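Worksheet: one structure, shown below.
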Amino acid sequence: RWLGLSFRPNTTNLGMRAFLLLLCTRAALCAVPRLDARALDRAALLAHLRTGPVVLTHALADSAESWADNLLSAAGEARVEYQMRKGKRSEVREARLGEFCELTYESSHSESVLLFAESLLQDYAPQLEPPALRSDLFEPDWFKLFPPELRPSPSCVIIGGEGARSTLHADPFEWVGTNVCVEGRKLWRFLPPAPDVKDLLCSYRLPSVAWGSKGKSLSAGWQSDFDLWARRRGDAPRARALNTGDPDASSELLASMADVSTGLLQPGTSLPADAVRRLVPCVQHAGDVVLIPPGWWHQTYYPEPSICSAGQYLDAHCRQSVFQHILDWTGNDSRADAIDEKLTPQEQVDALLLLLARIPASGERTGPAAQAQPGRGGAARAGLKPGRVGAGALRRDA
């Protein structure tokens, strides 16, 4: 495969220590439910989402097997900015997309590369649609009913080499986040929303002003500088070792890496123990769709080169959290539940926009927006450190 995922199977005996890891982490595979979308209806899916994140198999409308190849064919010469991370330091560099994909082969935990390209499809491959979710499980996205200048971008291409990781964050708008793994595999750690979690993580707000909203920030995410994947033990499996030729054994090894109790990948030493105890692990395989409910904190890790398409949606399930988030962030004292749920989606969005007609110009805000930390731009939101980045920096789950 073009990201170098055709590693030769490693048939070396896993050894007693690895075998014990497999036994003690078997339960971790079920920490985030892994569900076959073919066996679900929308009501069942919503019931699961109310309890936390889910991993869906067979949730795409069409196969995405050739999607990455089509992307590289269309946009391989595009110049992109990416993060080069060395230890605790990082810098933004530039390369052609095809050249960056070659760099993912050389990536490691101590020196990793991560690409976060929000406008790549729109600018260089407009004929290539992001992987679509099944219409029988998902309503049409209400964000498409917003004025174009206020809509979040529908998709973001994310490519990481081994050892790459996003920042620890909770999404803006309090939408339902979506993440489609096209090739490779990815690890997640989640923290459930709780009254004390923002203080526990020493979080700060990141206004989503990079979406071309003419200075009017309708939302802001939350971010923490803690790293849930800071320390990697020497015996943690490298990317080639994960390709054992036995899918079950490989999945168990990945689960052992995601599970903090094994010690293979540990948070930074300063992360409060109470936060460590709350971590919920997840393994995402190629073809899987991860759904992130509103308010759930998360950070991803790339155990091997991987490519994903991240998105989000607004529908009747999360309209309350999204509408209230927008009203609160803009300093509007109205309540989302005052908008009649019996109205059509377009009428509900229009009613929200009518309430927002009183939004002051940027720099004159009241409410939470007035207390947002300056200088914490979209770079950090995307898993990048502050530096020279474009509008695509302010995005969702890497």
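The values are calculated or read from the model by the stated rules, or taken from the named source; none is laboratory data. Here the structure is a predicted model, which means the values were calculated and not measured. Quick reminder, even Gly has a Cβ in these numbers, built from the backbone with ideal geometry, and neighbours come from all protein chains shown. Calculation scope for accessible area: heavy atoms of the full protein, side chains included, ligands and nucleic acids excluded. Shrake-Rupley method; radii C 1.70, N 1.55, O 1.52, S 1.80 Å.
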Stretched fully, the stretch from S261 through R34 gains (0.36 nm per residue minus C-alpha distance, one decimal, in nm) 79.7 nm
Of 53-62, 34-43, 119-128, ordering from highest average Cβ density within 10 Å down gives 53-62, 119-128, 34-43
Nearest-0.05 FRET efficiency for S270 and R238 at R0 = 22 Å, using Cβ-Cβ distance, is 0.25
Residue separation between D333 and R50 times 0.36 nm, minus their alpha-carbon distance, gives in nm 99.3 nm
Any trypsin sites (Lys or Arg not before Pro) in segment 230-291 that lie in a DSSP loop and have at most 13 other Cβ atoms within 10 Å would be R233
Against the 2.2 N^0.38 Å rule of thumb, the C-alpha Rg of segment 26-185 sits at a ratio of 1.15
P(r) over all Cα-Cα pairs of segment 92-159, 5 Å bins from 0 to the longest distance, whole percent per bin, short to long, reads 3, 12, 18, 20, 17, 11, 9, 8, 2
Under the Karplus relation with 6.51, -1.76 and 1.60 and θ = phi - 60°, whole-Hz ³J(HN,Hα) for segment 81-94, x at Gly and Pro, equal 9, 9, 9, 9, 10, 10, x, 8, 10, 8, 8, 9, 10, 10
Phi-derived 3J(HN,Hα) across segment 173-187 with the Karplus relation (6.51, -1.76, 1.60, θ = phi - 60°), rounded Hz, x for Gly and Pro, is 6, 6, 7, 9, x, 10, 9, 9, 8, 7, 9, x, 9, 9, 10
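Could you work out the local net charge near Y302, counting Lys and Arg as +1, Asp and Glu as -1, over the other residues with Cβ closer than 9 Å to its Cβ?
Within the 9 Å Cβ shell, the charges total +1.
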Simple SL model, points at 7 angstrom along Cα→Cβ for R93 and D69; separation in nm is 2.9
Expressed in square angstrom to the nearest 10, the accessible area of D235 with a 1.4 Å probe stands at 70
Cross-link reach from K186 to aspartates and glutamates, straight Cα distance under 14 Å and at least 8 residues apart if same chain, gives E162, E252, D259, D288, E304, D397
